[in-house]
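**Student:** Let me give you the structure first, and then I'll get to my questions.
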Amino acid sequence: GLVTGPDTESDMFTRPPVVTVMGHVDHGKTSLLDAMREADVVSGEAGGITQHIGAYQVKLESGQRITFIDTPGHAAFTAMRARGAEVTDIVVLVVAANDGIMPQTIEAIRHAQAAKVPIVVAINKIDLPEADANRVRTELLQHDVVVEDMGGDVQTVEVSAKKRMNLEKLEEAILLQAEMLDLKANPNRVAEGAVVEAKMERGRGSVATVLVQRGTLRIGDTFVCGKEWGRVRALVNERDERLEEAGPAVPVEVLGFNGTPEAGDDFIVVEDEAKAREVSGYRQRKDRESQFVKSAR
Ligand code: GDP
């Protein structure tokens, strides 16, 4: 049978943090994600990250891991939150040191604050002669982000994604923040998670990148996901490797859906197909009803 029910303290194991990078357009979110992906020691050992699945895990030289949600921009974050998915543990706020706080920086701060997710600030483009990190710190204060230098507890790290400067410092800051959050999950139970990205692919059918949040997902598991259901046919990671299982904070592409879910949908392993059909059928009926109510207004 499936292992369900509440977790006890002894069931809980430390898990990697899940990080979302946010900030104003052109401040260097994509560059920073790319630069940190290169720090992955597994990439050095056996081929790099070869495919975009919306999230990936980096293994550092220390052996510690960080999971990055690889969908820069705020739309994915808000879409997921709107559907009740709280996947992000830490927001890395990227602020270009030559530009300072801009409208989308403020928006990102508001999102993180509303979600009660701690911020680590990456002051980027520190290589530029006109970079002014202190100005950035002062401006942050005006938006209730009180950095360490100003008596607060928000860490700032001056980086250059382009010149690969201080990336380890940023990783250390993320791991320190994670330690303070004391992130734990029980790997020895049925898997639960959330959809980061989903699409229909020719030849593969509906595929979704699922971030496992608790438990361990295995080939053959039957699941409900949003209004859809399925049975895990294959698990594929960002290196295009087939996995037998995926534990907490591991993002993995799941094949075996009967329909395409949406970003932010919940993902829950259930005991059998009958249960899966029952839950997804109920959710589809509810959805149709609410659409009917909306159109009748
Ligand atoms: P995004 O829109 O936030 O994802 O920003 P990008 O990563 O696309 O970067 C926007 C521009 O800034 C690109 O031309 C990058 O080459 C440049 N850029 C990113 N990081 C740095 C940096 O550390 N220093 C400098 N000088 N330029 C950078």
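The values are calculated or read from the model by the stated rules, or taken from the named source; none is laboratory data. All values reported here derive from a predicted model rather than from experimental measurement. Positions of Cβ are generated from backbone atoms using ideal geometry, with glycine treated the same way; all protein chains shown enter the neighbour counts. All accessible areas refer to the heavy atoms of the entire protein, side chains included, with ligands and DNA or RNA removed. Shrake-Rupley method; radii C 1.70, N 1.55, O 1.52, S 1.80 Å.
**Student:** Look at Glu245 and say whether it is under 20 Å from Lys199 (Cα atoms) and open to solvent by 60 Å² or more (accessible area, probe 1.4 Å). Break it down stepwise before answering.
**Tutor:** Details: under 20 Å from Lys199 (Cα atoms): no; open to solvent by 60 Å² or more (accessible area, probe 1.4 Å): yes.
When the stated conditions are applied, Glu245 does not pass them.
**Student:** Determine whether Glu245 is touching a residue at least 24 places away in the same chain (Cβ under 8 Å), over 30 Å from Lys286 (Cα atoms) and not small (Gly, Ala, Ser). Show your work before the answer.
**Tutor:** Numbers: touching a residue at least 24 places away in the same chain (Cβ under 8 Å): yes; over 30 Å from Lys286 (Cα atoms): yes; not small (Gly, Ala, Ser): yes.
Yes; evaluated as a whole, the condition is true for this residue.
**Student:** For the condition in contact with a strand residue (DSSP E or B) (Cβ under 7 Å, 6 or more places away or on another chain) and part of a strand (DSSP E or B), what is the one hit in Ala112, Ala173, Ala122? Write out each step before concluding.
**Tutor:** Working: Ala112 fails: part of a strand (DSSP E or B); Ala173 fails: part of a strand (DSSP E or B).
Ala122 is the lone residue from the list that is in contact with a strand residue (DSSP E or B) (Cβ under 7 Å, 6 or more places away or on another chain) and part of a strand (DSSP E or B).
**Student:** Take the residues in the range 186-196 that are in contact with a helix residue (DSSP H, G or I) (Cβ under 9 Å, 6 or more places away or on another chain) and among the hydrophobic types (A, V, I, L, M, F, W, C), then tell me which one is nearest to Val212 (Cα to Cα).
**Tutor:** The initial filter retains those residues of the range 186-196 that are in contact with a helix residue (DSSP H, G or I) (Cβ under 9 Å, 6 or more places away or on another chain), namely 186-189, 194-196.
Then drop every residue that is not among the hydrophobic types (A, V, I, L, M, F, W, C), which leaves 194-196.
On the way: Ala194: 7, Val195: 9, Val196: 10 Å.
If we take residues in the range 186-196 being in contact with a helix residue (DSSP H, G or I) (Cβ under 9 Å, 6 or more places away or on another chain) and among the hydrophobic types (A, V, I, L, M, F, W, C), then Ala194 is nearest to Val212 (Cα to Cα).
Yes/no per residue for (1) modelled with pLDDT under 85; (2) surrounded by fewer than 14 Cβ atoms within 10 Å (Cβ to Cβ):
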| residue | (1), (2) |
| --- | --- |
| Thr8 | no, yes |
| Thr30 | no, no |
| Arg37 | no, no |
| Val42 | yes, no |
| Lys59 | no, no |
| Thr71 | yes, no |
| Val87 | no, no |
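**Student:** May I pose another question? Within the range 276-289, is even one residue open to solvent by less than 80 Å² (accessible area, probe 1.4 Å), part of a loop (DSSP other than H, G, I, E, B) and in contact (Cβ under 8 Å) with a residue 24 or more places away in the chain? So that I can check it myself, show each step before the final result.
**Tutor:** To start, the set of residues in the range 276-289 that are open to solvent by less than 80 Å² (accessible area, probe 1.4 Å) comprises 276, 279-281, 283-284, 287.
So of that shortlist, the ones also part of a loop (DSSP other than H, G, I, E, B) come out as none.
No, the range 276-289 contains no residue that is open to solvent by less than 80 Å² (accessible area, probe 1.4 Å), part of a loop (DSSP other than H, G, I, E, B) and in contact (Cβ under 8 Å) with a residue 24 or more places away in the chain.
**Student:** OK, next. Considering only residues that are among the hydroxyl-bearing types (Ser, Thr, Tyr) and away from the ligand (no atom under 16 Å from the Cβ), look in the range 10-28 and name the one that is least open to solvent (accessible area, probe 1.4 Å). Steps first, answer last, please.
**Tutor:** Going residue by residue through the range 10-28, those that are among the hydroxyl-bearing types (Ser, Thr, Tyr) are 10, 14, 20.
Remaining after also requiring away from the ligand (no atom under 16 Å from the Cβ): 10, 14.
Working: Ser10: 96, Thr14: 113 Å².
This residue is Ser10.
**Student:** Any idea which of (1) open to solvent by less than 20 Å² (accessible area, probe 1.4 Å); (2) within 16 Å of the ligand (Cβ to nearest atom); (3) of a type in the set (Gly, Ala, Ser) is the one Ala131 doesn't satisfy?
**Tutor:** Among (1) open to solvent by less than 20 Å² (accessible area, probe 1.4 Å); (2) within 16 Å of the ligand (Cβ to nearest atom); (3) of a type in the set (Gly, Ala, Ser), Ala131 violates only (1).
**Student:** Checking Arg65 against (1) within 16 Å of the ligand (Cβ to nearest atom); (2) among the basic types (Lys, Arg); (3) within 17 Å of Val252 (Cβ to Cβ), only one condition comes out false. Which one?
**Tutor:** (1)
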